[in-house]
Amino acid sequence: MTSKYRTVTLLAAAMMLAPPTVTATRAQTFSAGQKQEIEGIIKDYLLQHPEVMQDVMSELEKHQQAAEAEKHRAAVAENNATIFNSPHQVVLGNPQGKVTVVEFFDYNCGFCKRALPDMLTLLKTDPNLKFVLKEFPVLGEGSVEAARVAVAARMQDVTGKKYIEFHQKLLGGRGPADKAHALAVAKEVGFDMARLEKDMASDEVKKTIDENLKLADLIGVNGTPSYVVGDEVVVGAVGLDALKEKIAAQGK
């Protein structure tokens, strides 16, 4: 690549990655003739070397990912109390744990089902872990009904010991999750069914689900499972090893 082409190509890449206002300002320093010549050189070069665009787009993607991560960190900081210490949530593991993992899940989410063993392994192997579960029913009415049963179950089990059994059976079971399925699991686990039916109609259930939906929107969670580890939002079933790495980083 000649010096002239290299300079123009780098200039083009910089202009693509720069904010619109900066790009517009820089463009004004060229005359109409110079601008036309530069555009021609850029076009000719990119047609001959399309791999350059791949490099530019890769760099652009890195910039966008960094900006999105920073946006998530700011949102987590702003909503820290609700994310980690809301009274409307399930707390498993060590309530005083050094590191907290928050999971947004849906009982009808196939990826949440696959991620269930990850949570169970972490709880079993890490005594310093606080694990928070937030119902995030986004996959239809059945998911909403199952979430309502789950919140009612949490209301009569402050220790979370019976809840975790309920959670495992419902999330790990076959077939779609809905009100009938969730109630059957609650009965099997041994919850007070009369109280549970009453609690399902309470303001607490509505407040819990509404809070989770609003919180997810505020911090940019739009799928399940999604996690918050420290100030980082992690979208998707990333696997046990990835979660361990993020937890270890927070524990340093």
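The values are calculated or read from the model by the stated rules, or taken from the named source; none is laboratory data. Here the structure is a predicted model, which means the values were calculated and not measured. Positions of Cβ are generated from backbone atoms using ideal geometry, with glycine treated the same way; all protein chains shown enter the neighbour counts.
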Filtering segment 118-137 for residues that are in contact with a Gly (Cβ under 9 Å, 6 or more places away or on another chain) and over 26 Å from Glu211 (Cβ atoms) leaves a count of 3
Please find, among Lys98, Lys124, Lys162, Lys169, the residue that is in the same structural domain as Leu215 (by TED's automatic domain parsing), free of Cβ contacts under 8 Å to residues at least 12 places away in the same chain and surrounded by fewer than 20 Cβ atoms within 10 Å (Cβ to Cβ). Lys124
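Among the residues in segment 215-227, are any more than 22 Å from Phe131 (Cβ to Cβ) and either in a strand (DSSP E or B) or at pLDDT below 95 (or both)?
yes
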Given the conditions (1) among the small types (Gly, Ala, Ser); (2) closer than 16 Å to Asp106 by Cα; (3) at pLDDT 95 or above, which single one is not true for Gly175? (3)
Sole residue being out of contact with any strand residue (DSSP E or B) (no Cβ under 8 Å at 6 or more places or on another chain), in a loop (DSSP other than H, G, I, E, B) and over 25 Å from Ala81 (Cα atoms), chosen from Ala182, Ala177: Ala177
Across segment 172-197, which residue is farthest from Leu122 (Cα to Cα) among those that are without any contact (Cβ under 8 Å) to a residue 24 or more places away in the chain and among the basic types (Lys, Arg)? Lys187
Going through segment 101-121 in order, the residues found to be surrounded by 17 or more Cβ atoms within 10 Å (Cβ to Cβ) and basic (Lys, Arg) are Lys113
